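Just below is one structure, and these are the notes that go with it.
Quick note: the coordinates plus some simple rules give every number you see, no bench work behind them. No experiment lies behind these values; they were computed from the predicted model shown.
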Amino acid sequence: MNPGYQLVNNRAYPEIAADFARAFDVLDGLPCDIFLGAHASYFDLDAKYAHFAKGDHEAFIDPAGYKAFVADRRLAYQRELARQQAH
């Protein structure tokens with residue numbers, strides 16, 4: 001979770017926590033062969049590109065990496081939600 005997201009008692013966006021949860025359900029259900037993201041660190045661009053540059057034409061095929069990333073971000077969301085609910 002990016003700092004500053006108010007997931008609990010958010011008057012401007014009361015359904016934010018539910019929308020995040022629903023988004024993770026959607027992301028988890030999507031088929032993904034080639035995992036790319038907004039930031040290179042999300043999908044290990046440097047390592048994958050190095051393999052691609054050496055002729056590995058399947059270097060970017062990484063459905064397991066996508067699933068692991070979504071699971072990691074869901075866990076971060078759940079931890080932050082629990083932290084905010086405890087306060």
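Here is how the numbers come out for the structure above:
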quantity	calculated
Relative counts (whole %) of C-alpha pair distances in the chain, using bins that are 10 Å wide	16, 38, 26, 15, 5, 0
³J(HN,Hα) computed for each position of the range 73-82 - Karplus, 6.51 cos²θ - 1.76 cosθ + 1.60, integer Hz, glycine/proline x	5, 5, 4, 4, 4, 4, 5, 5, 4, 4
